[in-house]
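Encoded as structure tokens, the structure appears first; notes follow it.
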Amino acid sequence: TANGGIALGDNDKATFGAGDDLQIYHNGSNSFIDDTGTGSLFVRADATIAIKSLAQDEYYIKCVENDTVELYNNGSKKLATTATGIDVTGTATMDGLTVSGDILVNRTSAFTNAALEIQDGGNGEILALNNNSTDGQFLRLYNSGTLVGGLGNSVSDLNIYRGATAAININNSTGDISFYEDTGTTPKFFWDA
């Protein structure tokens with residue numbers, strides 16, 4: 001029992017274990033917690049584990065039991081784990097990206113608020129929308145199903161819209177290209193492959 005604290009000088013180590021497996025010390029410039037044994041180093045808590053600034057005004061890492069793990073930059077949360085994956089605030093810069101499911105960008109549900117939606121399952125499509133309407137598409141490469149809007153072709157066609165108005169259709173089955181008039185109803189120029 002040391003009610004007044006324990007004072008150790010530079011490079012004096014508090015050691016634990018028969019082989020000094022855990023060492024805590026300061027070398028005059030930096031402080032260290034070294035686990036030199038064969039096992040692992042565990043940091044445990046019942047509720048939250050936090051690594052913070054000395055002034056206690058910034059988180060570096062925050063781990064909450066049965067909840068999230070959060071990473072911070074300059075006191076601002078940038079990455080958090082969730083029950084379904086991760087949430088990233090800001091831009092993710094990476095050397096590569098492998099996706100096993102759908103890619104859904106800036107949307108809350110299919111076709112809603114979608115700036116870009118790339119699906120592997122279901123309809124198998126690349127869809128870009130310029131507003132919140134399902135009729136607001138301006139580019140759509142589709143694999144199956146029925147298209148929304150004036151074109152109405154369905155199997156792996158490439159369709160380009162002006163808002164909800166059909167502009168160009170490239171038919172996957174034939175290779176034919178249809179150029180539509182300003183209402184998007186009838187092709188006025190047709191290229192037969």
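The values are calculated or read from the model by the stated rules, or taken from the named source; none is laboratory data. It should be emphasised that the depicted structure is a prediction, and the values quoted were computed from it without experimental measurement. Ideal geometry is used to build each Cβ from the backbone, glycine not excepted, and the neighbour counts take in all protein chains shown. Surface areas here come from the heavy atoms of the whole protein model, side chains and all, with no ligands, DNA or RNA. Shrake-Rupley method; radii C 1.70, N 1.55, O 1.52, S 1.80 Å.
Remarks
- Residues of region 66-75 classified as open to solvent by less than 50 Å² (accessible area, probe 1.4 Å) and either within 18 Å of Arg44 (Cβ to Cβ) or not in a loop (DSSP other than H, G, I, E, B) (or both), total: 2
- Residue-level check: of (1) of a type in the set (Val, Ile, Thr); (2) open to solvent by 70 Å² or more (accessible area, probe 1.4 Å); (3) under 30 Å from Ala83 (Cβ atoms), Ile24 misses just (3).
- Close contacts from region 28-53, counting a first residue that is closer than 23 Å to Gly75 by Cβ and a second that is surrounded by fewer than 10 Cβ atoms within 10 Å (Cβ to Cβ) and aliphatic (A, V, I, L, M), with Cβ to Cβ under 8 Å and a gap of 6+ residues or different chains, come to Ile49/Val43.
- Residue in region 49-65 that is under 30 Å from Gly17 (Cβ atoms), at pLDDT below 95 and surrounded by 14 or more Cβ atoms within 10 Å (Cβ to Cβ) present: no
- Subset of region 11-53 [assigned to a loop (DSSP other than H, G, I, E, B), of a type in the set (D, E, K, R) and out of contact with any Ser or Thr (no Cβ under 9 Å at 6 or more places or on another chain)]: Asp12, Lys13, Arg44, Asp46
- Members of region 4-34 found to be within 19 Å of Leu54 (Cβ to Cβ) and not small (Gly, Ala, Ser), listed by number: Ile24, Tyr25, His26, Asn27, Asn30, Phe32, Ile33
- Residue in region 76-85 that is farther than 30 Å from Asp102 by Cβ, at pLDDT 95 or above, out of contact with any Pro (no Cβ under 8 Å at 6 or more places or on another chain) and not β-branched (Val, Ile, Thr) present: no
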